[in-house]
Structures are given as structure tokens and as C-alpha cells.
1. If packing is taken as the mean number of other Cβ atoms within 10 Å per residue, what is the order of 218-228, 72-82, 249-259, highest first?
2. Out of residues 5 or more away from Ile89 or on other chains, whose amide H comes under 5 Å of its own, with H placed 1.01 Å from N in the peptide plane?
3. Given H placed 1.01 Å from N in the peptide plane, which residues other than close sequence neighbours of Asp166 have an amide H under 5 Å from its amide H?
4. As I understand it, the dipole of the chain uses +1 on the Cβ of Lys and Arg and -1 on the Cβ of Asp and Glu, about the Cα centre. Which of Gly12, Ser36, Ala263 lies farthest toward its positive end?
5. Expressed in nm to one decimal, what extension gain is obtained for the pair Phe46 and Asp195 from 0.36 nm per residue of sequence separation less their Cα-Cα distance?
6. Nearest 500 deg cm²/dmol is fine: what mean residue ellipticity at 222 nm does the chain get from its DSSP H runs of n ≥ 4 alone, each adding -39,500 (n - 2.57), divided by its residue count?
7. How long is the gain from Trp179 to Asp248 if the chain were fully straight, where each residue apart is worth 0.36 nm and the alpha carbon distance is subtracted?
8. Run the Debye formula on the Cα coordinates of the chain, all scatterers equal and no solvent, and tell me log10 I(q)/I(0) at q = 0.09, 0.12, 0.16 1/Å.
Amino acid sequence: MIRSESEFRHYGIRASDGDIGQVVKFFFDEIGYGISYLVIDTSGFFNRKQVLLSPSSIKSIDEDEKKIEVNLSRSTLVNSPDVDAEQPITRQNAEMINDYYGWNNVSQVRAWQSAEGQPEERHLVSTSELAGYHVQTGDGSVGHVEDFMIDDQDWVVRYLVVNTRDFLPGKNVLISPRWVENINWMESNINVSLDRERIRHAPGFDRSQPVTSEYERILFDYYGKPMYLRDRDIEELVRVRARELCEDRGCQPGHELDDWIKAEEIVVKELRMR
């Protein structure tokens, strides 16, 4: 199901031995917009204020009680490494957290490797950090990011909710992260590969209504873009490309992870160009 971050903030976290806190925001990687962590406020239960939770620990979502059930105990979560969730999550922080839980987050590895050689280390992005950023097209600003639509099947930011009411008349519209060219951190802008008027006249989005497959079909048809692929479909594309990379170098052992990460990077770039 695709639901907004603002809706998720009404959901509590139920550990294997009881409730532990409330969802407050998400961290995602800047390459594929995959959710790396949910940030949980535990101040109502423990002295600690916030802990990080990987989607891989989620068992199910109880729609009626608005609870996210996880396969970790309260003590495991509350005794996790102390990381300031109000600051960017660095590579060192992420590795410390993942080592503690035994999590293996390949999307983070991809993000860190993509940052190698850059003057500033790429970090995981929080939804609270990106909220309010202006959306910039080639012919001017079109609005600002107001919310995020999160797919809880693949655990990825599926859409940015853009408020175009900065320029009356306006409305909320959805933009896929695949159409984001880059993020300008210094100017608090998100640059997209769409025309300003195209976005302003896009199908409106009502957050009180579910994102249906029919609405998505209309949205992608309007922009003339192909629909996104599910994780299982992307994984198959990556598997094929990784095999090609392996064959190109004679399939010498010891490079399997490098081939996979490189294949992911290639596939993500190809999908962004579609």
C-alpha cells in the first residue's frame, strides 16, 4: 500500500513484547529513495527519545489499531546505538547500527560507494530535512515538497507530494523521485526534469484518498512516462546485468558484491532515463 508520511506519523510501533513508540520520520538513500530507517520516538516509554528501525524488521502493519509490528524486543531497540536522528546519518553511524542489529542494507552500500571520491560524504536523507524544499524546473520554481508517499510493500519513497499553491491557483501533485535530477542542498532546491506548466496542470492529488493503480496509470500517462517496476522486477534486471559484468571480467571469484552493486547503479540510471 502507498500511504503518506503524515499518515505514518499516526502509527505506533509494537515490539515482540509490547508497544515502544511512535513513527516520527524516515531516512532514505539519495540514489534509489529506498527507506533505510524509520525513526521511532520512544520518549513515552523510555528515557531515550529516538531509535532507528530498519524496514527489514517489520512483520506486519495492523490497519485497525494503526500499529507496525516488528520482530525485535523492546530492550533490543532501546539498547541500540545512540545516534542523533536530528542530524544526517553518516556512513559510520549506519554501519554501527547495522552491525548491532545484523542488518545488511545493500542500498546503503550503493549510496556510500557512489559517494567515494566526492569532497563531501553523501548521507542518508531524512524526510524532515527535505520537507519544504522548493521544486525547481528548467523554467522556474513550481512549488515545494509538502509530504512523501511511501510504498510499504517495497519500502521506498514512491512519490513526492508537491504543493503548487505558492503560485495561485494551485493544488497538490505527485512527482516520482525518478524524475529528480539532483538536490541542491545549499539552496534548498530539488531540480526535476519536467516543465513547470506540465507540473502545474498535472492530475491533482487528494491525500485523504488512496493512491489507486488507476490514478497511477493516469498520472504516468499524463507525464508520458513508463510505470515504475516493483523490487522483484528490478532485482531480476540487476541479476541479469550483474551476470553480464561477471562474464566481462571472466567471472573471477571474489567480486560478486562489486558486480551486484555496479549492476544496481547501472539499472537505476537506466530507469531514471526512461
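Rule-based calculations on the coordinates, nothing more; no lab input. Predicted model, so just to flag it, every value in this text is computed and none were measured. Counting neighbours? That spans all protein chains shown, and the Cβs are built from the backbone with ideal geometry, glycine included.
1. Most protected by this proxy first, the peptides run 72-82, 218-228, 249-259.
2. For Ile89, the qualifying residues are Leu124.
3. His144
4. Gly12
5. That pair, Phe46 and Asp195, stretches by 48.8 nm at full extension.
6. Per the formula, -9000 deg cm²/dmol.
7. 21.7 nm
8. -0.45, -0.81, -1.35
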